[in-house]
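Student: Sharing a structure, written as structure tokens. Questions coming.
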Amino acid sequence: MKILVLGAGAGGGFPQWNCNCAHCAGLRRGSTRAVPRTQSSIAVSADGERWVLINASPDIGQQLRAHPLLHPRSMVPPKLRDTPIAAVVLMDAQIDHVTGLLSLREGPPIELYCTPCVFEDLTSGLPLLPALEHYCGVHWHVLPVAGEESEAAFRIPALPGLALTALAIPGKAPPYSPHRNDSATGDNIALVIDDLASGERLFYAPGLAAIGDAERAWMAGASCVMVDGTFWTDDEMAAAGLRPERAVELGHLPQSGTGGMLDALAPLPARRKVLIHINNSNPILDEDSPQRTELARHGIEVAHDGMEIDL
């Protein structure tokens, strides 16, 4: 299995266009040793030829242009327009994970896998899918969600080497969702992707508000765990003077503190432990920070745009 990190940042990317926090300003000035990050999305393939896109960020055009593996193929006879992207899977309906669908409008019909909750959000509160019907069109595939007592694996026909399982996780629907204040199963998912040939497994959850027994069990069985790296502390945004909400109120488990992401990752046997969806306020963006040193001591990596993982 090959994993391409197309974007590793949270909403707004890094540096955020209108943000003058210490990290964004330091990156612009060159006084902070860090690299820019676009908004989070990954692509996964079993053979390096056909790919599934996991989330479609607003930066997707830039991200696809930056990765030759996702460029149109040279074909005989020549085909003027082509894409190795066979499908798109959405983890939720958040604006920074779905608006990139509009940038795929010049291509073939989008083979879209998402839960009924997400489909409802994208046809009502944020009606991207009706708009796309005037361009490429969308073939919606209902994404089954594993409950606490059942599994619901699904397959993408164009990628026969992969089996995918969605796990419902805690979190909020976006502000424009009809059920923003009445959460439903499938508003947010984690994704397990199994390589059927090698037996390797990826656990992917860029938004993770809490880790219960179900999430812990899935993570324990993964070769690579790529999870929510949004905030270092629960009060990070407020302490930086950016927003009053705490991390958990925004649907993200902070890395530090008792019961935080570091505690959850520590006992896992995974060969690769990677944080993604990193907010511009998070000190782990600074490669010389003590927080970054602590992650390295625990064998935890920080995703960056262009990162490639082979399992």
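The values are calculated or read from the model by the stated rules, or taken from the named source; none is laboratory data. Bear in mind that the values here come from a model prediction, so they are computed numbers and not experimental data. So basically every Cβ, Gly included, is an ideal-geometry build from the backbone, and we count neighbours across all protein chains shown.
Student: Check whether at least one residue in region 193-201 is under 19 Å from Leu265 (Cα atoms), in contact (Cβ under 8 Å) with a residue 12 or more places away in the chain and hydroxyl-bearing (Ser, Thr, Tyr), and report yes or no.
Tutor: Keep residues of region 193-201 that are under 19 Å from Leu265 (Cα atoms), which gives 193, 200-201.
Right, trim to in contact (Cβ under 8 Å) with a residue 12 or more places away in the chain and you get 193, 200-201.
If we keep only those that are hydroxyl-bearing (Ser, Thr, Tyr) too, we end up with none.
No, region 193-201 contains no residue that is under 19 Å from Leu265 (Cα atoms), in contact (Cβ under 8 Å) with a residue 12 or more places away in the chain and hydroxyl-bearing (Ser, Thr, Tyr).
Student: Related question: Name the one entry in Met75, Met91 that is surrounded by fewer than 17 Cβ atoms within 10 Å (Cβ to Cβ) and of a type in the set (A, V, I, L, M, F, W, C). Can you show your working first?
Tutor: On the way: Met91 fails: surrounded by fewer than 17 Cβ atoms within 10 Å (Cβ to Cβ).
Only one candidate passes the filter, namely Met75.
Student: Out of everything in region 193-218 that is assigned to a strand (DSSP E or B) and under 12 Å from the mean Cα position of the chain (by Cα), what residue ends up being surrounded by the most Cβ atoms within 10 Å (Cβ to Cβ)?
Tutor: So the residue we want is Ala205.
Student: Would you point out which residue out of Ala25, Ala43, Ala10, Ala34 is within 20 Å of Ala87 (Cβ to Cβ), at pLDDT 95 or above and among the small types (Gly, Ala, Ser)?
Tutor: Working: Ala25 fails: within 20 Å of Ala87 (Cβ to Cβ); Ala10 fails: within 20 Å of Ala87 (Cβ to Cβ); Ala34 fails: within 20 Å of Ala87 (Cβ to Cβ).
Result: Ala43 is the single residue among Ala25, Ala43, Ala10, Ala34 that is within 20 Å of Ala87 (Cβ to Cβ), at pLDDT 95 or above and among the small types (Gly, Ala, Ser).
Student: Looking only at region 4-38, which residues are closer than 30 Å to Arg50 by Cβ and part of a loop (DSSP other than H, G, I, E, B)?
Tutor: Ala8, Ala10, Gly11, Gly13, Val35, Pro36, Thr38
Student: Let me ask something else. Of all residues in region 112-144, which are part of a helix (DSSP H, G or I) and aliphatic (A, V, I, L, M)? Steps first, answer last, please.
Tutor: From region 112-144, those part of a helix (DSSP H, G or I) are 116-121, 128-132; that's our starting set.
Hits for region 112-144 are Val118, Leu128, Leu129, Ala131, Leu132.
Student: Right, here's the next one. Looking at region 240-258, is at least one residue in contact with a Cys (Cβ under 8 Å, 6 or more places away or on another chain), assigned to a loop (DSSP other than H, G, I, E, B) and of a type in the set (D, E, K, R)?
Tutor: Within region 240-258, not a single residue is in contact with a Cys (Cβ under 8 Å, 6 or more places away or on another chain), assigned to a loop (DSSP other than H, G, I, E, B) and of a type in the set (D, E, K, R).
Student: Go through the residues of region 102-111 one by one and say whether even a single one is outside any loop (DSSP other than H, G, I, E, B), over 18 Å from Asn55 (Cβ atoms) and either in contact with a helix residue (DSSP H, G or I) (Cβ under 6 Å, 6 or more places away or on another chain) or free of Cβ contacts under 8 Å to residues at least 60 places away in the same chain (or both).
Tutor: Quick first cut of region 102-111, residues outside any loop (DSSP other than H, G, I, E, B) only: 102-104, 110-111.
This time we only want the ones that are over 18 Å from Asn55 (Cβ atoms), so: none.
There is no residue in region 102-111 that is outside any loop (DSSP other than H, G, I, E, B), over 18 Å from Asn55 (Cβ atoms) and either in contact with a helix residue (DSSP H, G or I) (Cβ under 6 Å, 6 or more places away or on another chain) or free of Cβ contacts under 8 Å to residues at least 60 places away in the same chain (or both).
Student: Right, another one. Residues in region 64-81: is at least one polar (S, T, N, Q) and outside any loop (DSSP other than H, G, I, E, B)? Spell out the reasoning first.
Tutor: In the first step, residues of region 64-81 are kept if they are polar (S, T, N, Q); the result is 74.
Restricting the remaining residues to those that are outside any loop (DSSP other than H, G, I, E, B) gives none.
The answer is no, given that none of the residues of region 64-81 is polar (S, T, N, Q) and outside any loop (DSSP other than H, G, I, E, B).
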